[in-house]
Amino acid sequence: MTTPALVTCATGKTGGHLVRQLVAAGHPVRAAVRDLERAAQDPRLAGAELVEFDFDRPETFGPAISGCGAAFAAVPFGRAMHDQGVALHEALGLSGVERIVRLSVLSAFIDDAIDLGRWHRDLDEDLFQHCEAPIFLRPEAFMQNLLGMAPAIKKGVLQAATGEGKTAYVAAEDVARVAVKALTEVDFKPGAYDLTGPEAYSLEGLAQLVSEVLGVPLRSETVSIRALEAKYKKIRTADWLMRSMVELAEATAADVGGRVTGIVERVTGEPPMHLADFLAEHRNVLLGQA
């Protein structure tokens, strides 16, 4: 790849790993960031060209995209994500970027009638208006999301409203490894790729694994959807976000996700990270020691 690849949300979970991996492989990278000064301190972005890119200021899109031959199109999760994504797609199309890899969400959730799924489905469909052969990377829940378990681990109780539904957590590093291939390999086939880890876990199975890896007592406790809503209201969660999280819990409880696809290994030639290894790697954070 001789022209740079643009990476939006370059300081995010996947974006930071993607920039680092592209640079390590010798590919030119343009990291699109809101705060240039802060991004310059991020070690994951070392070796990349940093450009200002503010989703709230579409006038920054064109200069950042100009001259790029490929783009990793990720949009921040929020109420404005649809409009921001549409604006990004339009700017990429106008700039003539031919290879666009969009970070979406697991197909099972796109097909389900939940806000998060609808938002991503609409953006996936919109991208076809600006790119003839887009590539969609559709991960299930990120392992990095579990780093917020520290307070629950300290209390010894892991609560969720997901029932016996399972989740095949995937590491952001593995999503990035697939993205590197999608952005740089000429013969990479367009289409949608569901990305998961090597094993799916129920709430009970997750609690058992965390307990085994960290060596701490941890039990699981299934709570009702009503209790989950009450918890979000207590901490004054925005209505749109609460609804999205509740719907996602309901979909997981219905076992909408939890399917292991094997696509990460098929694309990269290496198996995805196991959740046990991720937990061990982040032991100090999970135990509240970092």
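The values are calculated or read from the model by the stated rules, or taken from the named source; none is laboratory data. What you see is a predicted model; the values in this text were computed from it and never measured. All Cβ positions, even for glycine, are placed from backbone atoms using ideal geometry, and neighbour counts span all protein chains on display. To get the accessible areas, we keep the full protein, side chains included, count just its heavy atoms, and leave off ligands, DNA and RNA. Shrake-Rupley method; radii C 1.70, N 1.55, O 1.52, S 1.80 Å.
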Cross-link pairs beyond the 32 Å C-alpha cut-off, checked among LYS13/LYS166; LYS13/LYS154; LYS154/LYS181; LYS13/LYS233; LYS181/LYS234; LYS181/LYS231: LYS154/LYS181; LYS181/LYS234; LYS181/LYS231
So what's the convex hull volume per residue for the Cα atoms of segment 139-290, in Å³? 127
Compare the Cα positions of TYR169, ALA207, ALA192 along the charge dipole of segment 164-222 (+1 at Cβ of Lys, Arg; -1 at Cβ of Asp, Glu; about the Cα centre) and return the one farthest towards the positive end. ALA192
Among 153-159, 47-53, 174-180, how do they line up from the highest to the lowest mean number of other beta-carbon atoms within 10 Å? 174-180, 47-53, 153-159
Compute, for VAL86, the solvent-accessible surface of its heavy atoms (probe 1.4 Å) with the complete set of protein chains present, and express it in square angstrom to the nearest 10. 40
In Å and on Cα atoms, what radius of gyration and Dmax does segment 1-102 show? 12.3, 36
Helix 172-184: angle to the longest alpha-carbon principal axis of the chain, degrees 0 to 90, nearest 10? 20
Contact order normalised by residue count of the chain, Cα under 8 Å, 6+ apart, percent: 18
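Note down, for segment 155-237, the three equivalent ellipsoid semi-axes (square root of 5 times each alpha carbon gyration tensor eigenvalue), biggest first, whole angstrom.
33, 18, 12
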Please compute the Kirkwood hydrodynamic radius of segment 106-214 from all pairs of different C-alpha atoms, in Å with one decimal. 15.9
Taking only Cα atoms of the chain, radius of gyration then Dmax in Å: 19.1, 55
How much accessible area does HIS27 have with a 1.4 Å probe, in Å² rounded to the nearest 10? 40
